[in-house]
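One structure is given here, and the rest of the page talks about it.
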Amino acid sequence: MFPAGPPSHSLLRLPLLQLLLLVVQAVGRGLGRASPAGGPLEDVVIERYHIPRACPREVQMGDFVRYHYNGTFEDGKKFDSSYDRNTLVAIVVGVGRLITGMDRGLMGMCVNERRRLIVPPHLGYGSIGLAGLIPPDATLYFDVVLLDVWNKEDTVQVSTLLRPPHCPRMVQDGDFVRYHYNGTLLDGTSFDTSYSKGGTYDTYVGSGWLIKGMDQGLLGMCPGERRKIIIPPFLAYGEKGYGEGGQGHKGKFRRRGKNQASTYSCSGCILHEGIQPRTQGDKIPGSAVLIFNVHVIDFHNPADVVEIRTLSRPSETCNETTKLGDFVRYHYNCSLLDGTQLFTSHDYGAPQEATLGANKVIEGLDTGLQGMCVGERRQLIVPPHLAHGESGARGVPGSAVLLFEVELVSREDGLPTGYLFVWHKDPPANLFEDMDLNKDGEVPPEEFSTFIKAQVSEGKGRLMPGQDPEKTIGDMFQNQDRNQDGKITVDELKLKSDEDEERVHEEL
């Protein structure tokens, strides 16, 4: 690459670093070139002294970039630094806003790449220089690290990291989504995460609550799916950035005032003196590309109803199914849509008990248990407005969609509202006499209890299911002992039908 013979004096007088760079350039690592005799540089000398392993895109003409730099002269004296201002340079490359040498030196860079640039005078500030800062005919040395790159033609980029094999539905506009996220800048700097907040981020999609890029990136996701979403700044927080983290939510961000700084500097070797660095947010800088790693936990729509899927039914004929008022026993497993287990009846060693329609269980589960045969198994998907709502419950997150697997163990016909006991046929004609076992004209609690239990054991009547029989019988006695003297007389004993003139069932 160099002519044979002894080295020229001009080459020997070059600083060691510049000599090294010329050698590197000569073997193909640099993009600039020097004259064969070691004279003035004809082009920018580039040393790529840190190249990241992954480089999904390189800077091209017309791209918007954000970078840090230190600028020095040949003797090492610093003339400018973005680090000193704690402000990245944010500018479009290749459109005449930078000195030519910087424009060329940035081309082909990867995010997180570091370069050493040597810019000859004719590609810098030439024979005029920059008053008070750059002398005429100065060769400039820059150490540059690229932190961001995007183009106005960019769109939201979505990469699926994990998609569940079963996807019952996908996110649409108007859905309410609960998701976890990690948010980073393009250089890997973390600016926010939901995992440190003790809960998911919950919001509506397509309703103006999210930045546009996140709205787009969430569409089509399945429960449990994980995605990487790359959002250009014009679909994120724009030129102003955001000051307190960024969940993808745009409603509560404070706005920063315009940059009032008037410090005179090279400003990233911007060509025109009047152009100043852009104002940046404290957490998310202005004009920053954002990367979100998103995990959708669940989502629903306010119009959703309970989804019921039969998993199995008993082989024998099912003549009776559960209905409102029935007392049922059932086993269940309850989880979130992402598979997180919440509760199971198997932990208690006995089935769950409930009277359907009595507001003893959440509305969606009550609905899902109706119309079942004994031995039937169902899967129920219950939206939060039919479960525990926005506030949630102990162990259940707010706005959570619940997944139940239920198995009906038994059912009993319920009693009409307000009844504690019903006869299967007509009651005894001489009810008080039959109840007064010792024939003393009054019925104490012991005689009353013995009589009622005998009716149940003989199949003549039944107590309200789902409650301790002793308590039920005690409540019945209190209802009949109208003067609360601890015994029932013939004048006190009345059937419910005698009281409300409604003969649907007769009750003590």
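Do you know which residues across segment 117-158 are in contact with a strand residue (DSSP E or B) (Cβ under 7 Å, 6 or more places away or on another chain), over 30 Å from Met214 (Cα atoms) and either in a loop (DSSP other than H, G, I, E, B) or open to solvent by 30 Å² or more (accessible area, probe 1.4 Å) (or both)?
Within segment 117-158, Pro120, Gly124, Tyr125, Leu133, Thr139, Asp143 qualify.
Looking at segment 439-465, I want the residues that are polar (S, T, N, Q) and have a partner that is open to solvent by 20 Å² or more (accessible area, probe 1.4 Å) and in a loop (DSSP other than H, G, I, E, B) with Cβ atoms under 7 Å, at least 6 apart or on another chain. Which pairs are those?
Qualifying pairs under 7 Å: Thr450/Leu437.
Checking Ser190 against (1) among the hydroxyl-bearing types (Ser, Thr, Tyr); (2) surrounded by 14 or more Cβ atoms within 10 Å (Cβ to Cβ); (3) more than 24 Å from Ala393 (Cβ to Cβ), which single condition isn't satisfied?
(2)
So is Ile275 at pLDDT 95 or above and not acidic (Asp, Glu) or not? Let's see the steps before the verdict.
Numbers: at pLDDT 95 or above: no; not acidic (Asp, Glu): yes.
Here the answer is no, as Ile275 does not meet what is asked.
Mind checking which residues of segment 159-184 are assigned to a loop (DSSP other than H, G, I, E, B) and open to solvent by 30 Å² or more (accessible area, probe 1.4 Å)?
The initial filter retains those residues of segment 159-184 that are assigned to a loop (DSSP other than H, G, I, E, B), namely 163-175.
If the condition is that a residue be assigned to a loop (DSSP other than H, G, I, E, B) and open to solvent by 30 Å² or more (accessible area, probe 1.4 Å), then Arg163, Pro164, Pro165, His166, Cys167, Pro168, Arg169, Met170, Gln172, Asp173 are the ones that fit.
Taking Asp298 as meeting all but one of (1) surrounded by fewer than 21 Cβ atoms within 10 Å (Cβ to Cβ); (2) at pLDDT 50 or above; (3) closer than 26 Å to Gly389 by Cβ, write down the number of the exception.
Here Asp298 meets the rest and fails (1).
When Asp215 is evaluated against the numbered criteria (1) crowded, with 18+ Cβ neighbours inside 10 Å; (2) of a type outside the set (Gly, Ala, Ser); (3) more than 20 Å from Val156 (Cα to Cα), which criterion, by number, is the only one it fails?
(3)
Enumerate the strands (runs of 3 or more DSSP E) found wholly within segment 398-492, keeping only those where 2 or more residues are among the charged types (D, E, K, R). Give the steps one after another, and end with the answer.
On the way: elements: 402-412, 421-423, 461-463.
Of the strands (runs of 3 or more DSSP E) lying wholly inside segment 398-492, those with at least 2 residues that are among the charged types (D, E, K, R) span 402-412.
Just to be sure I understand, how many residues within segment 306-331 are surrounded by 13 or more Cβ atoms within 10 Å (Cβ to Cβ) and not in a strand (DSSP E or B)?
Applying the first criterion (surrounded by 13 or more Cβ atoms within 10 Å (Cβ to Cβ)) to segment 306-331 yields 306-308, 313, 318, 321-323, 325-331.
Subset that is not in a strand (DSSP E or B): 306, 313, 318, 321-323, 325-326.
Result for segment 306-331: 8.
Go through Gly395, Gly418, Gly375 for me and flag whichever is open to solvent by 20 Å² or more (accessible area, probe 1.4 Å) and under 30 Å from Ser315 (Cα atoms).
One residue alone meets the criteria, Gly375.
Mind checking which residues of segment 466-484 are open to solvent by 70 Å² or more (accessible area, probe 1.4 Å) and touching a residue at least 40 places away in the same chain (Cβ under 8 Å)?
Matches in segment 466-484: Asn479 only.
Count, please, the residues in segment 351-384 that happen to be assigned to a helix (DSSP H, G or I) and at positive phi. I'd like the intermediate steps shown before the answer.
First pass over segment 351-384, keeping only residues assigned to a helix (DSSP H, G or I): 363-368, 384.
Going one step further and asking which of them are at positive phi, we end up with none.
Result for segment 351-384: 0.
Restricting attention to segment 74-101, report how many residues are within 36 Å of the chain's Cα centre (by Cα), aromatic (Phe, Trp, Tyr) and under 17 Å from Ile134 (Cβ atoms).
Our first condition is that a residue be within 36 Å of the chain's Cα centre (by Cα); within segment 74-101, this holds for 82-83, 85-93.
The next check asks that each one be aromatic (Phe, Trp, Tyr); those that pass are 83.
The next check asks that each one be under 17 Å from Ile134 (Cβ atoms); those that pass are none.
Residues flagged as within 36 Å of the chain's Cα centre (by Cα), aromatic (Phe, Trp, Tyr) and under 17 Å from Ile134 (Cβ atoms) within segment 74-101 amount to 0.
Taking the condition of being in contact with a Lys or Arg (Cβ under 7 Å, 6 or more places away or on another chain) and either crowded, with 24+ Cβ neighbours inside 10 Å or of a type in the set (Gly, Ala, Ser) (or both), how many residues in segment 92-114 meet it? Reasoning before the result, please.
Step one: filter segment 92-114 for residues in contact with a Lys or Arg (Cβ under 7 Å, 6 or more places away or on another chain), giving 105, 109, 113.
Going one step further and asking which of them are either crowded, with 24+ Cβ neighbours inside 10 Å or of a type in the set (Gly, Ala, Ser) (or both), we end up with 105, 109.
The total comes to 2.
Does at least one position in segment 378-386 carry a residue that is open to solvent by less than 30 Å² (accessible area, probe 1.4 Å), more than 25 Å from the chain's Cα centre (by Cα) and closer than 22 Å to Pro314 by Cβ?
Scanning segment 378-386, I find at least one residue that is open to solvent by less than 30 Å² (accessible area, probe 1.4 Å), more than 25 Å from the chain's Cα centre (by Cα) and closer than 22 Å to Pro314 by Cβ, so the answer is yes.
Right, Asp498: at pLDDT below 85 and more than 54 Å from the chain's Cα centre (by Cα) or not? Spell out the reasoning first.
Values: at pLDDT below 85: yes; more than 54 Å from the chain's Cα centre (by Cα): yes.
Yes; evaluated as a whole, the condition is true for this residue.
Looking at segment 193-211, which of its residues are crowded, with 17+ Cβ neighbours inside 10 Å and either farther than 21 Å from Asp298 by Cβ or aliphatic (A, V, I, L, M) (or both)?
Val205, Leu210, Ile211
Does segment 410-421 contain at least one residue that is under 30 Å from Leu495 (Cα atoms) and of a type in the set (Val, Ile, Thr)?
Taking every residue of segment 410-421 in turn, at least one turns out to be under 30 Å from Leu495 (Cα atoms) and of a type in the set (Val, Ile, Thr).
Output yes when any residue across segment 214-230 is in a loop (DSSP other than H, G, I, E, B), on the phi > 0 side of the Ramachandran plot and at pLDDT 95 or above, and no when none is. Explain how you work it out, then say what you get.
Pass one, segment 214-230, residues in a loop (DSSP other than H, G, I, E, B): 219-225.
Then drop every residue that is not on the phi > 0 side of the Ramachandran plot, which leaves 220, 224.
Next, from what is left, pick out any that are at pLDDT 95 or above: 220.
Looking for residues that are in a loop (DSSP other than H, G, I, E, B), on the phi > 0 side of the Ramachandran plot and at pLDDT 95 or above, one finds at least one in segment 214-230, hence yes.
Any residue in segment 184-201 that is touching a residue at least 60 places away in the same chain (Cβ under 8 Å) sitting within a Cβ distance under 9 Å of a residue that is open to solvent by 40 Å² or more (accessible area, probe 1.4 Å) and among the basic types (Lys, Arg)? List the pairs, counting only those 6 or more apart or interchain.
If the second residue must be open to solvent by 40 Å² or more (accessible area, probe 1.4 Å) and among the basic types (Lys, Arg), the pairs left are Phe191/Lys283; Asp192/Lys283.
Six or more apart or on different chains, Cβ atoms under 9 Å: show the pairs whose first residue is in segment 110-127 and under 11 Å from Leu140 (Cα atoms) and among the basic types (Lys, Arg) and whose second is assigned to a helix (DSSP H, G or I) and open to solvent by 30 Å² or more (accessible area, probe 1.4 Å).
Arg116/Leu17
The values are calculated or read from the model by the stated rules, or taken from the named source; none is laboratory data. Because the structure is predicted, anything quoted here is derived from the model rather than measured. Cβ coordinates were reconstructed from backbone atoms using ideal geometry, including for glycine residues, and neighbour counts include every protein chain displayed. The area values use the complete protein model at the heavy-atom level, side chains included, leaving out ligands, DNA and RNA. Shrake-Rupley method; radii C 1.70, N 1.55, O 1.52, S 1.80 Å.
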